[in-house]
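Undergrad: So that we are looking at the same thing, I have put the structure below in structure tokens.
The values are calculated or read from the model by the stated rules, or taken from the named source; none is laboratory data. Computed from a predicted model, the values in this text were never measured in an experiment. All Cβ positions, even for glycine, are placed from backbone atoms using ideal geometry, and neighbour counts span all protein chains on display. SASA here: full protein model, heavy atoms, side chains in, ligands and nucleic acids out. Shrake-Rupley method; radii C 1.70, N 1.55, O 1.52, S 1.80 Å.
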Amino acid sequence: MASETLGETAADRLPGDPTRRDLVERFIRVDHAGEYGAVRIYAGQLAVLGRGPKAPILQHMKAQEEHHVATFNQLVARRRVRPTALLPLWHLAGFALGAVTAAMGERAAMACTVAVEEAIDEHYQSQHARLGDDEAELRGTIERFREEELEHRDIGLENEAELAPAYRLLSAVIKAGCKAAIAVSERV
Ligand SMILES: [Fe+2]
Ligand SMILES: [Fe+2]
């Protein structure tokens, strides 16, 4: 996936679509918001499960999310992107999602990770496909992070996410929430 040549960013742009710069700004804005929310999800899970046997893997995933958000913090500053106005909401909602799923049990916490990371995988794939060689650095960052998100998904699956109570419902609700959060954080 990383090796294909795609020409220019937003090469498929139609009249009325966001300009290349607008598009890249939206990408950075929403990715920054998402990585920020991800840190908060693991913080919420650790608030409940921080003394349990899953604490080290939650810490590991949280540390990677902190690196992701630090990278997007730098991009927001360097490229003068307006961050989403919804960071305070994601601060609370991320933590709440983490804490509530963790309170449902370790498996539900892992199911939350699997659902979130599947949504982010799709999201990063679609961004990657729209970025061209003129945005090779951002494209590379997204691809690297996507691989780590997939590692998180696999950790969730190895830790019995699918055995969580009402797994399919839980997963569907969380994924729908992620998609809604992505849609608003691109613009607002
Ligand atoms: Fe991440
Ligand atoms: Fe992640």
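Undergrad: Can you tell me the accessible area per residue over the chain, all protein chains present, probe 1.4 angstrom, in square angstrom?
TA: Each residue of the chain exposes 49 Å² on average to a 1.4 Å probe.
Undergrad: May I ask you to rank F95, F145 by accessible area, largest first, using a 1.4 Å probe over the protein chains only? If you can, show how the numbers build up before the last one.
TA: Details: F95 70, F145 5 Å².
Sorted by accessible area, descending: F95, F145.
Undergrad: Sticking with this structure for a sec: How high is the FRET efficiency from T71 to E122, r the C-beta distance, R0 22 Å, rounded to 0.05?
TA: The calculated FRET efficiency here is 0.65.
Undergrad: Still on this structure: Based only on the alpha carbon positions, what is the Kirkwood hydrodynamic radius of the chain, in angstrom? It would help to have the intermediate numbers written out before the result.
TA: Numbers: mean 1/r = 0.0595 Å⁻¹.
About 16.8 Å for the chain.
Undergrad: Can you tell me what percent of all Cα-Cα pairs in region 116-181 are more than 16 Å apart?
TA: Result for the distance tail: 53 percent.
Undergrad: Now for a separate question. Over what distance in Å are the Cα centres of region 6-21 and region 114-188 separated?
TA: A separation of 23 Å, based on Cα centres.
Undergrad: What is the gain in length, in nm to one decimal, between A103 and T19 on full extension, counting 0.36 nm per residue of separation less the C-alpha to C-alpha distance?
TA: Values: separation 84, 0.36 × 84 = 30.24 nm, distance 4.38 nm.
This chain segment gains 25.9 nm when fully extended.
Undergrad: Place a +1 charge on the Cβ of each Lys and Arg in the chain and a -1 charge on the Cβ of each Asp and Glu, then give the dipole magnitude about the Cα centre in debye, rounded to the nearest 20. Write down the numbers at each step before the final one.
TA: Details: 23 positive and 29 negative charges, 173 e Å.
So the dipole magnitude of the chain works out to roughly 840 debye.
Undergrad: For R187, what charge total do you get from the other residues with a beta carbon under 9 Å from its beta carbon, if Lys and Arg give +1 and Asp and Glu give -1?
TA: With Lys, Arg at +1 and Asp, Glu at -1, the neighbours total +1.
Undergrad: Of the heavy-atom accessible surface of the chain (probe 1.4 angstrom), what whole percent is carbon and sulfur? Please report the intermediate quantities before stating the final value.
TA: Values: 5160 of 9180 Å².
Carbon with sulfur: 56 percent of the solvent-accessible area.
Undergrad: Dipole of region 93-188, Cα-centred, from +1 at each Lys and Arg C-beta and -1 at each Asp and Glu C-beta, to the nearest 20 debye?
TA: Numbers: 10 positive and 19 negative charges, 118 e Å.
Charge dipole, region 93-188, about its Cα centre: 560 debye, nearest 20.
Undergrad: Mind checking which of V69, A129, A47 is farthest towards the positive end of region 41-149's charge dipole, using Cβ charges of +1 (Lys, Arg) and -1 (Asp, Glu) about the Cα centre?
TA: Ranked along the dipole, the leading option is A47.
Undergrad: Where Lys and Arg each count +1 and Asp and Glu each count -1, what net charge lies around G50 among other residues with Cβ under 14 Å from its Cβ?
TA: Around G50, the surrounding residues sum to +2.
Undergrad: While we're on this one: Which helices of the chain meet both criteria: a Cα extent of 18 Å or more along the helical axis and a mean Kyte-Doolittle score no lower than 0.5, with helices taken as whole DSSP H segments?
TA: Values: long enough: 20-49 (43 Å, 0.01); 55-78 (34 Å, -0.37); 87-104 (25 Å, 1.44); 106-130 (36 Å, -0.58); 136-158 (33 Å, -1.12); 167-187 (31 Å, 0.61).
Once both thresholds are applied, what remains is 87-104, 167-187.
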